[in-house]
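The values are calculated or read from the model by the stated rules, or taken from the named source; none is laboratory data. As the structure is a computational prediction, the values presented were derived from the model and not from experiment. Please note: Cβ atoms are built from the backbone with ideal geometry, for glycine as well, and neighbour counts cover all protein chains shown.
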Amino acid sequence: MIPLQVFAGALAAAMVALILWMIRRDRLPVSHSLWWLTVSVMIALFGLTPGLLDAMARMVGITYAPSLLFVLAILTLLIKVLLEDLELTTNRRRLLRLAQKTAILEQEIRQLRERLENSGK
Amino acid sequence: MKDIATTVILSVLQRAALTHMAIPGTIRAFSDTDAESAGARIIPIRDASADVIVVMPARNEEADVADVVARVIALGFKPVVVDDYSSDGTREAARRAGAVVLELPFHAGSWAAIQTGMRYAQFCHCSHVVTLDADGQHNPEDIAELLGLMAVGDAPNVVIGACVGRANRRRRLAWRTLRWLSGLRISDLTSGFRAYDRTAVDLLVSQKHTLIEYQDVGVLLCVRHADLSAVEVEVPMQPRGHGISRIFNSWSRVAYYLLYSALIGSSRRRRIKEKSG
């Protein structure tokens with residue numbers, strides 16, 4: 001059986017490696033990677049020091065320590081999804097603005113072209 | 001200990017949010033206050049007679065749009081049809097009838113279409129914008145009545161052409177709920193027949209108001225929030241020629257619409273109260 005620390009350490013290291021590789025390949029911007037690197041650090045932290053979770057759970061009055069882990073994990077994901085939603089909204093706004101601008105500029109081009117054709121006659 | 005963890009998460013979050021926000025800097029110059037900047041770069045084609053433009057959002061209105069456009073032209077106003085990615089011949093029909101046609105490259109929704117028209121109006125330096133449904137529901141002949149209210153001193157910034165008589169049960173329920181939720185004292189909150197002056201247009205074209213979905217409560221709340229005035233005038237409305245109301249033809253749409261308006265109405269209502277208090 002592999003000790004827990006080795007497993008958690010390997011998991012965190014793999015995640016860090018994956019993120020660095022993605023940055024290297026320009027698949028992930030550095031700004032986004034910060035979040036995931038922080039998550040990897042948390043995995044390493046909780047995995048390598050098993051006593052930490054128990055101590056934290058006792059402090060906040062949770063008797064079954066692993067449930068604290070779930071709470072933290074779900075919270076982390078929830079926040080991330082909310083942030084994604086905010087960014088999606090910003091992008092939608094920009095997309096609409098651009099579409100509106102395209103429509104206006106297209107009309108201007110059409111009008112200018114008609115004007116040119118008429119003056120050419 | 002948990003507090004420390006929360007603080008760490010929050011600070012990371014904050015940083016993530018900041019870095020996300022730092023990116024748009026280059027794009028902003030293009031999107032905001034673009035009427036002025038675009039006006040400086042591209043000389044807008046101005047038409048002195050068209051001080052009032054009539055914006056008609058249209059989505060698959062091929063059957064009625066030409067007639068409405070012709071009537072608007074006959075009245076001496078400049079018709080601008082904003083084609084919300086129709087799949088029929090709306091664009092061609094409107095153009096043949098003599099309208100300026102702005103084509104959206106994807107289905108963007110009715111308010112986004114109207115805002116396109118407003119941005120165009122700003123671009124052309126028009127003084128007033130009238131919005132009208134392209135399906136012949138509103139009589140272009142009543143535009144004068146709306147604008148007439150704006151000609152007098154101490155004129156309102158927005159005039160709504162209201163038709164209380166057209167209401168069926170669904171619509172009446174919606175109106176009553178919306179009035180109650182938003183605190184607006186306007187009977188026909190959902191009318192698409194409206195006139196805006198330049199101050200209102202300048203306010204509503206802003207990027208901040210792009211994500212509104214319908215031209216009704218959300219828009220009126222923005223107007224009121226900016227301390228602009230809105231009044232309504234009773235006008236007759238025709239039964240729709242071919243189109244159907246996209247909101248009031250099914251209960252599920254009404255439910256979504258009410259929920260949407262309830263959220264926008266109640267969340268912005270509080271802000272206004274705080275401001276006045």
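Below is a table of values for the structure above.
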item	result
Condition check for residue B:185: among the basic types (Lys, Arg), closer than 17 Å to residue B:146 by Cα and either surrounded by fewer than 22 Cβ atoms within 10 Å (Cβ to Cβ) or in contact with a helix residue (DSSP H, G or I) (Cβ under 9 Å, 6 or more places away or on another chain) (or both)	no
Members of segment A:36-79 found to be surrounded by 16 or more Cβ atoms within 10 Å (Cβ to Cβ) and in contact (Cβ under 8 Å) with a residue 40 or more places away in the chain, listed by number	A:47
Entirely in segment A:16-121, the helices (runs of 4 or more DSSP H) that have 1 or more residues that are closer than 30 Å to residue B:210 by Cβ and touching a strand residue (DSSP E or B) at 6+ places or on another chain (Cβ under 6 Å)	A:65-120
Failed condition for residue B:54, given (1) outside any strand (DSSP E or B); (2) within 19 Å of residue B:147 (Cα to Cα)	(1)
Total residues in segment B:160-183, condition within 22 Å of residue B:68 (Cα to Cα) and touching a Gly at 6+ places or on another chain (Cβ under 9 Å)	1
The one condition in (1) within 30 Å of residue B:79 (Cα to Cα); (2) surrounded by 13 or more Cβ atoms within 10 Å (Cβ to Cβ); (3) of a type in the set (Ser, Thr, Tyr) that residue A:33 fails to fulfil	(1)
Filter result for residue B:117 (within 14 Å of chain A (Cβ to nearest Cβ), crowded, with 19+ Cβ neighbours inside 10 Å, touching a residue at least 24 places away in the same chain (Cβ under 8 Å) and at negative phi)	yes
Yes/no for residue A:47 being within 30 Å of residue B:83 (Cβ to Cβ) and more than 10 Å from chain B (Cβ to nearest Cβ)	no
When residues of segment B:131-164 are limited to those that are closer than 16 Å to residue B:189 by Cα and at pLDDT below 85, the one nearest to the chain's Cα centre (by Cα)	B:163
Residue that is nearest to residue B:90 (Cα to Cα), among those in segment B:261-277 that are modelled with pLDDT of 65 or more and exposed (fewer than 15 other Cβ atoms within 10 Å of the Cβ)	B:263
Among (1) in a loop (DSSP other than H, G, I, E, B); (2) within 14 Å of chain A (Cβ to nearest Cβ), the one test that residue B:88 misses	(2)
Extreme residue, surrounded by the most Cβ atoms within 10 Å (Cβ to Cβ), among residues of segment B:196-243 that are hydroxyl-bearing (Ser, Thr, Tyr) and under 20 Å from residue B:138 (Cβ atoms)	B:196
Subset of segment B:188-243 (residues that are within 14 Å of residue B:160 (Cβ to Cβ), in contact with an Asp or Glu (Cβ under 7 Å, 6 or more places away or on another chain) and not hydrophobic (A, V, I, L, M, F, W, C))	B:188, B:190, B:192, B:232
Failed criterion for residue B:124 (all others in (1) modelled with pLDDT under 95; (2) crowded, with 23+ Cβ neighbours inside 10 Å; (3) within 14 Å of another protein chain (Cβ to nearest Cβ) hold)	(2)
